[in-house]
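Q: Below is a structure I'd like to ask you about.
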Amino acid sequence: MRRLLVVVAHGDDETLGAGATLAHLSDSGVRVRLCVLTDDDGSRHSTGHGATDRVAAIEEAARILGIHEVSVHGYGDNRLDRIGQLTLNRTIEGEIIRFEPDTVFTTSLSDLNQDHRLVSSAVRVAARPGRTGVTELRCMEVRSATDWGEASGVRPTFTPQCWQVVSEEHLERKLAALRAYGREVEKWPLPRSEEGVRVLAAYRGSQVAVPLAEAFEVPRVVHHPPDGT
């Protein structure tokens, strides 16, 4: 992996889903670009008014995680269904053309949140084989979206095939980046609490006999032989 594009609907999805992995990869020399499709939290308000611009928080979280480039589009929170799938496909395709990633991370089709599912579908179209240089696609689990999808009977359920071992230092970077989002940090036992994030990392680690890990679905990975043919 040399160039990683992370495509998410909302600022904080990248941190909750893969924050420790992103810190690890950035430290390892991978160039990371973050693409966030929405720039507010308007769906948290009953009238849609009083929405908070999240660009500053997104940029601060990215800095903490070592993300090199950030692009934030102006679509509305939990309103991506109004944009249309074709527009989302083309927006993400443009990001792929400009950045030329070999790997893309995004959210899972298992998530309860409709924005997450729409973005996941758009990434699969924009990064389809034969049209780009993307050789690996991973889907992250996002607290209070993936887990709530599972608890609500959404099908298919999140089924990881890849576990990224992470260090305590990188998990702390993930938590620091999450704090950049302010009120998004919840109190235990809610899933977006710092304790909830730690519990999930420990659980995923226990599945592969390591202290800490983050888990991913891998819808596609292409292995090239050593000579590149």
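Every read-out reported here was derived from the displayed coordinates using simple, explicitly stated rules and does not represent laboratory data. Note that the coordinates shown come from a computational prediction; the quantities given were computed from them, not determined experimentally. Cβ sites come from the backbone with ideal geometry, for glycine too, and all protein chains shown count toward neighbours.
Q: Provide the gained length on full extension for the span residue 128 to residue 87, in nm with one decimal, where the gain is 0.36 nm per separating residue minus the Cα-Cα distance. Can you show the working numbers first?
A: Values: separation 41, 0.36 × 41 = 14.76 nm, distance 1.61 nm.
Length difference between fully extended and current span is 13.2 nm.
Q: Let me ask something additional. Would the range 141-190 count as rounded, prolate or oblate if I go by the C-alpha gyration tensor, calling it rounded below 1.5 in a/c and otherwise prolate when a/b exceeds b/c, oblate otherwise?
A: oblate
Q: Would you work out if the range 171-211 is rounded, prolate or oblate? Take a ≥ b ≥ c from the square roots of the eigenvalues of the alpha-carbon gyration tensor; rounded if a/c is under 1.5, else prolate when a/b is larger than b/c, oblate otherwise.
A: Details: a/c = 4.07, a/b = 1.78, b/c = 2.28.
It comes out oblate by the Cα gyration axes.
Q: What distance in nm separates the two pseudo spin-label positions at residue 31 and residue 148, each 7 Å out from Cα along the beta-carbon direction?
A: Between residue 31 and residue 148, the label points sit 3.7 nm apart.
Q: From the helices alone, meaning DSSP H stretches of at least four residues, give me the mean residue ellipticity at 222 nm for the chain, per-run term -39500 (n - 2.57), in deg cm²/dmol to the nearest 500. It would help to have the intermediate numbers written out before the result.
A: Numbers: 8 runs with 90 residues, N = 229.
One gets -12000 deg cm²/dmol as the mean residue ellipticity at 222 nm.
Q: Let me ask something else about it. What area, in nm² and to one decimal, does the C-alpha convex hull of the chain cast on average over all directions? Write out the running numbers ahead of the final one.
A: Numbers: hull surface 50.0 nm².
Over all viewing directions, the chain projects a mean Cα-hull area of 12.5 nm².
Q: Pull out the extension gain between residue 1 and residue 194, defined as 0.36 nm times the separation in residues minus the alpha carbon to alpha carbon distance; nm, one decimal.
A: Numbers: separation 193, 0.36 × 193 = 69.48 nm, distance 2.90 nm.
Difference between extended and current length: 66.6 nm.
Q: Got a sec? Which residues in the range 97-115 would a label at residue 159 touch, if it sits 7 Å along Cα→Cβ and we count backbone N under 20 Å?
A: 106-113
Q: Using packing as a proxy for protection, rank 62-70, 170-178, 2-10 so that the peptide with the highest average count of other Cβ atoms within 10 Å comes first.
A: Working: 62-70: 19.6, 170-178: 21.8, 2-10: 24.3.
Highest to lowest by the protection proxy: 2-10, 170-178, 62-70.
Q: Let me ask something additional. Taking the Cα centre of the chain as origin, sum charge times position over the Cβ atoms of Lys and Arg (+1) and Asp and Glu (-1), and report the length of that vector in debye to the nearest 20. Write down the numbers at each step before the final one.
A: Working: 27 positive and 33 negative charges, 92 e Å.
Computed about the Cα centre, the dipole is about 440 debye.
Q: Quick one: which of 152-160, 12-20 comes out on top by average Cβ neighbours within 10 Å, and what's the full order, highest first? Display every interim value, and only then the final one.
A: Numbers: 152-160: 13.0, 12-20: 28.3.
Highest-to-lowest ranking by the protection proxy: 12-20, 152-160.
Q: Right, here's the next one. Under the rule a/c < 1.5 gives rounded, and otherwise a/b versus b/c splits prolate from oblate, where does the range 13-139 land using the Cα gyration tensor? Write down the numbers at each step before the final one.
A: Numbers: a/c = 1.85, a/b = 1.21, b/c = 1.53.
Since a/c reaches 1.5 but b/c is at least a/b, the shape of the range 13-139 is classed as oblate.
Q: Find how much the distance from residue 100 to residue 114 grows on full extension, using 0.36 nm per residue of separation minus their present alpha carbon separation; answer in nm with one decimal. Could you put the intermediate results ahead of the total?
A: On the way: separation 14, 0.36 × 14 = 5.04 nm, distance 2.70 nm.
Additional length available on full extension: 2.3 nm.
Q: A follow-up question, please. Plugging the Kirkwood radius over Cα pairs into Stokes-Einstein for the range 99-229, at a temperature of 25 °C and a viscosity of 0.890 mPa s, what D comes out in µm²/s? Working shown, then result.
A: Values: Rh = 16.1 Å.
Answer from the Stokes-Einstein relation: 153 µm²/s.
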